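Here the structure is laid out as structure tokens; the discussion comes afterwards.
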Amino acid sequence: MLLLRLALASLNNRRFTALLTVLAIALSVCLLLTVERVRNEARASFASTISGTDLVVGARSGSVNLLLYSVFRIGNATNNIRWESFEHYARHPRVSWAIPLSLGDSHRGYRVLGTSTAYFEHYRYGRRQALQLAEGRPFAADPFEVVLGAEVAQALDYRLGDSLVLAHGVARISLLKHDDKPFRVVGILARTGTPVDRTLHVSLAGMQALHLDWRNGMPAQGSARLSADQAREADLAPRQITAFLLGLDSRIATFAVQREINAYPGEPLLAVLPGVALQELWSLMGTAEQALFVISLFVVLIGLVGMLTAILASLNERRREMAILRSVGARPWHIAALLVAEALVLALAGMLGGLALLCLGIAAAQGPLQAHYGLYLPLAWPGAHEWRLLAAVLVAAVLMSAVPAWRAYRQSLADGLSIRL
């Protein structure tokens, strides 16, 4: 206890240097914990994008590509699939529900998804959480109704009843717009932290109505062009979709149905298990993830080296102090223990400061991170893994303090009560 009091008094005499050292350690610890928390929450958010879905089915390509465009709305499908193929598997005796997905249009950089009301009933994310409407209702009989994801509504400041025009293609700036067939906002989904927040949802009939008078990727001209009212009266049964999701009546049937779909004679299809594809996709980013973690460890090491440098630089200035301590009965190992105690105090103060900075940073950035990146960082007490990292930092600080402690021990033996400079 006496050594701790002496260490605190000594640090108080050198408070400016001590505060700078604590700040360096706090910033490095904050960076380490932030990187670790972002890694963990990003992985959890990534894995919870879709749950409760047994199979994702699309045109034959790669499992990662299929997952990217059907779930994450990234990239494009290699080909569409026929509506008859979807109906065939929607009626399959082992299929409980089926959700069609039709992609290809956008609105101011946000993807448009054509689907059915089964999407709002059966799509799950997180821990099998259902989609909830924050305002309004799902689309109904009118094909020109749209349900917005939370981020789309917030970023573009849309309200219920507003009208919007969809664009052909997925570019942020498109010269081909469906401005003759505006959609009306009838619902806004509650925030999910998934790509659903960045999606506009329309019915398959609405997606079909947009392209009734289009030929070879271009709109019809003159009298061949159909108005919105004319489109409402036309046959809006879909002919093609991009992909579909299946929920089976038993997990045991998953592999059998997957093999059946992959061997479907009607057209080349690919069925993937979302969990397996998610793991495969995440493994592609594993190298960058580990590199970021290693960089943060080196930043902590730099902070601790700064502490070691500050203690070593002060040794010669403190030889008189050590001689006085020897004169009042302190042994050489007391002097060494004093420096270890100082390093321990600096490391503990830096760790507490790092935790405080982490909490303040999360509190300030929580909203923007979720709104712009769909990443939710909880303002929570550190978990077991984070405590182990902090313990490792503390042990590293104590081990580093052994260097100045040994030098102080040797100097106190050599100097005795008379200082040799």
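The values are calculated or read from the model by the stated rules, or taken from the named source; none is laboratory data. These numbers come from a predicted model, not from an experiment. Virtual Cβ from ideal backbone geometry, glycine too; neighbours counted across all protein chains shown.
Odds and ends about this structure:
- Any pair with Cβ under 7 angstrom, 6 or more apart, that starts in the stretch 282-303 at a residue that is touching a residue at least 60 places away in the same chain (Cβ under 8 Å) and ends at one that is basic (Lys, Arg) and loosely packed, with under 11 Cβ neighbours inside 10 Å: none
- The residue of the stretch 159-168 that is farthest from Ser106 (Cα to Cα), among those that are part of a strand (DSSP E or B) and among the hydrophobic types (A, V, I, L, M, F, W, C), is Leu164.
- Cβ-Cβ under 8 Å pairs, at least 6 apart or on other chains, the stretch 124-135 side free of Cβ contacts under 8 Å to residues at least 12 places away in the same chain, far side of a type outside the set (A, V, I, L, M, F, W, C) and assigned to a loop (DSSP other than H, G, I, E, B): Ala130/Tyr123
- Among the conditions (1) crowded, with 19+ Cβ neighbours inside 10 Å; (2) touching a Lys or Arg at 6+ places or on another chain (Cβ under 7 Å); (3) without any contact (Cβ under 8 Å) to a residue 40 or more places away in the chain; (4) hydrophobic (A, V, I, L, M, F, W, C), the only one that Ala167 does not satisfy is (3).
- Any chance Gly52 is at pLDDT below 85 and on the phi > 0 side of the Ramachandran plot: no
- Test: Val276 is hydrophobic (A, V, I, L, M, F, W, C) and more than 23 Å from the chain's Cα centre (by Cα): no
- Note on the stretch 106-133: residues that are under 25 Å from the mean Cα position of the chain (by Cα) and assigned to a strand (DSSP E or B) amount to 11.
- Candidates in the stretch 134-158 are the residues that are touching an Asp or Glu at 6+ places or on another chain (Cβ under 8 Å) and in a loop (DSSP other than H, G, I, E, B); of these, the one that is farthest from Leu236 (Cα to Cα) is Gly149.
- Ala330 being touching an Asp or Glu at 6+ places or on another chain (Cβ under 7 Å), at pLDDT below 70, surrounded by 14 or more Cβ atoms within 10 Å (Cβ to Cβ) and of a type in the set (A, V, I, L, M): no
- Scanning the stretch 240-273 for residues that are surrounded by 12 or more Cβ atoms within 10 Å (Cβ to Cβ) and either among the charged types (D, E, K, R) or within 25 Å of the chain's Cα centre (by Cα) (or both) gives Ala243, Phe244, Leu245, Asp249, Glu260, Glu267, Val272, Leu273.
- Residues that are of a type in the set (A, V, I, L, M) and outside any helix (DSSP H, G or I) were ranked within the stretch 66-90; the one that is nearest to Ser106 (Cα to Cα) is Ile74.
- Per the listing Tyr89, Tyr119, the residue uniquely among the aromatic types (Phe, Trp, Tyr), under 20 Å from Phe255 (Cβ atoms) and buried (at least 20 other Cβ atoms within 10 Å of the Cβ) is Tyr89.
- Top-ranked residue in the stretch 216-225 [being of a type outside the set (A, V, I, L, M, F, W, C) and either closer than 17 Å to Lys177 by Cβ or in a helix (DSSP H, G or I) (or both); ranked as modelled with the highest pLDDT]: Arg225
- At least 2 residues being not assigned by TED's automatic domain parsing to the domain that holds Leu113 is the threshold, and among the helices (runs of 4 or more DSSP H) wholly inside the stretch 226-316 those reaching it are 274-284, 286-313.
So that you can scan it fast, the table gives a plain yes or no per residue for (1) under 14 Å from Leu189 (Cβ atoms); (2) in contact with a Ser or Thr (Cβ under 8 Å, 6 or more places away or on another chain); (3) of a type outside the set (Gly, Ala, Ser):
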position	(1), (2), (3)
Asn65	no, yes, yes
Ser70	no, yes, no
Phe86	no, no, yes
Pro93	no, no, yes
Pro100	no, yes, yes
Arg124	yes, yes, yes
